[in-house]
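Here the structure comes first, spelled out in structure tokens, and everything after it is commentary.
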Amino acid sequence: MNLRTLSAVLMATCCAAFLIGPAAASATVVISEGELYTGTIKAEAGTTELHGEAFSVNCKKSTTEGTVESHGESVTAGGKLSSLTFSECSNTVTVLSAGSLEIHATSEGKGTVTSSGAKITIHGPFGINCLYETSNTDVGTLTGGTPAKIDVDSALIPRTGDSVFCGSSGEWTGSYTVATPANLQVAPAKPQLQLSSATDPLKFIEGEEKEITVEDPNGKVDFTLVKVELKDLKGKWELTNAANCLDKTVKGGQGVICKVQVKCVTKGETEFTAPITWEAGKQSSTKRGILKCP
């Protein structure tokens, strides 16, 4: 329960920053109302339970609070918890350390929450105390929404101290609702590349030259624009100033990145390609657009 709650709380904090799983870090971002969120995250839970070998504990209330401290390229979203509380419990629960959380985006709108450094002692009957501590421990799933929720479903929290009668771990269950912010979403951090010109759509007339802008107006992550080039499908085209977009380092949400000139020499179509990489080159994709000169 406490650990479970802690897991959920950590999850909530992570939510503020959205990310991946314990084995491999992947870029994740936390978003609120369409914008990157790096503020305070508060979560509340009703009943949470911790089932151990010696005894079980349930708490009717739990709260947690933290701030998103990391997110974006090559990192998971996460941060330290500033507060973690449990109240109206069947046994005394002492929070020695709230720890920190990370969120790992796994699918559309969801993320795995992991906890590290959370330490909780459960005081049981007959002087039996159980110390539980997380270390990159998978504690549950965060589902984005209004509000976002963190489900702690039978998370195994390692026992690291006190009585051997407590067993090797405790099983936590519970559900947290994110109260602040009202809307919270988690997503993989990916560049949002687009092509545009002063006159859209990107259509030409024979002999016309246009300036094409390659931009990332709403992206949330840093990336590298490798190059831009044209692939002739039919007709003849000319590309100039391509060096403006060669190995271009781009900051998320920067806006205008680079501009090139494209000319339709003879009628036809061409494919405009712009390969990009992010997460230190581990992720890549190519933006493609068809330019027409009917």
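The values are calculated or read from the model by the stated rules, or taken from the named source; none is laboratory data. Since the structure is predicted, the reported quantities are computational estimates derived from the model, not experimental observations. We place every Cβ from the backbone using ideal geometry, glycine too, and count neighbours over all the protein chains shown. Just so you know, the surface numbers come from the protein's heavy atoms only, side chains and all, with ligands and any DNA or RNA stripped out. Shrake-Rupley method; radii C 1.70, N 1.55, O 1.52, S 1.80 Å.
Would a scan of segment 35-43 turn up a residue that is at pLDDT 65 or above, farther than 13 Å from Val178 by Cβ and open to solvent by less than 10 Å² (accessible area, probe 1.4 Å)? No; the residues of segment 35-43 include none that is at pLDDT 65 or above, farther than 13 Å from Val178 by Cβ and open to solvent by less than 10 Å² (accessible area, probe 1.4 Å). Is one or more of the residues making up segment 77-87 open to solvent by 50 Å² or more (accessible area, probe 1.4 Å) and more than 16 Å from Lys42 (Cβ to Cβ)? No: segment 77-87 contains no residue that is open to solvent by 50 Å² or more (accessible area, probe 1.4 Å) and more than 16 Å from Lys42 (Cβ to Cβ). Mind listing whichever residues of segment 214-230 are open to solvent by less than 30 Å² (accessible area, probe 1.4 Å) and out of contact with any Cys (no Cβ under 9 Å at 6 or more places or on another chain)? Within segment 214-230, Asp216, Gly219, Val221, Phe223 meet the criteria.
Here Ile276 does not fit the description of being modelled with pLDDT under 90, assigned to a strand (DSSP E or B) and not hydroxyl-bearing (Ser, Thr, Tyr). Of Ala189, Ala155, Ala148, all but one fail to be touching a Gly at 6+ places or on another chain (Cβ under 7 Å), under 20 Å from Lys61 (Cβ atoms), in contact (Cβ under 8 Å) with a residue 60 or more places away in the chain and among the hydrophobic types (A, V, I, L, M, F, W, C); the exception is Ala155. Take Gly46 and tell me if it is over 30 Å from the mean Cα position of the chain (by Cα), surrounded by fewer than 24 Cβ atoms within 10 Å (Cβ to Cβ) and more than 30 Å from Thr224 (Cβ to Cβ). It is false that Gly46 is over 30 Å from the mean Cα position of the chain (by Cα), surrounded by fewer than 24 Cβ atoms within 10 Å (Cβ to Cβ) and more than 30 Å from Thr224 (Cβ to Cβ). In segment 50-68, the qualifying residues are those that are more than 12 Å from the chain's Cα centre (by Cα) and closer than 21 Å to Ala105 by Cβ, and the one that is surrounded by the fewest Cβ atoms within 10 Å (Cβ to Cβ) is Thr67.
Go through the residues of segment 196-217 one by one and say whether even a single one is touching a residue at least 24 places away in the same chain (Cβ under 8 Å), in contact with a Phe, Trp or Tyr (Cβ under 9 Å, 6 or more places away or on another chain) and in a loop (DSSP other than H, G, I, E, B). For segment 196-217, residues touching a residue at least 24 places away in the same chain (Cβ under 8 Å), in contact with a Phe, Trp or Tyr (Cβ under 9 Å, 6 or more places away or on another chain) and in a loop (DSSP other than H, G, I, E, B): present.
Of all the residues in segment 231-255, those that are in a strand (DSSP E or B) and surrounded by 18 or more Cβ atoms within 10 Å (Cβ to Cβ) number 4. The residue pairs whose first member lies in segment 117-136 and is closer than 17 Å to Thr64 by Cα and free of Cβ contacts under 8 Å to residues at least 12 places away in the same chain, whose second member is open to solvent by 50 Å² or more (accessible area, probe 1.4 Å) and outside any helix (DSSP H, G or I), and whose beta carbons are closer than 8 Å, counting only pairs six or more residues apart or on different chains, do not exist in this structure. Does Val260 qualify as being among the aliphatic types (A, V, I, L, M), over 15 Å from Gly289 (Cβ atoms), at pLDDT 90 or above and touching a strand residue (DSSP E or B) at 6+ places or on another chain (Cβ under 8 Å)? Answer is no for this residue. Residues in segment 265-280 that are open to solvent by 50 Å² or more (accessible area, probe 1.4 Å) and in contact with a strand residue (DSSP E or B) (Cβ under 8 Å, 6 or more places away or on another chain) were compared, and the one that is nearest to Glu238 (Cα to Cα) is Thr266. Quick check: is even one residue across segment 112-120 surrounded by fewer than 21 Cβ atoms within 10 Å (Cβ to Cβ), at pLDDT 90 or above and either closer than 22 Å to Asn58 by Cβ or of a type in the set (A, V, I, L, M) (or both)? Yes: one or more hits.
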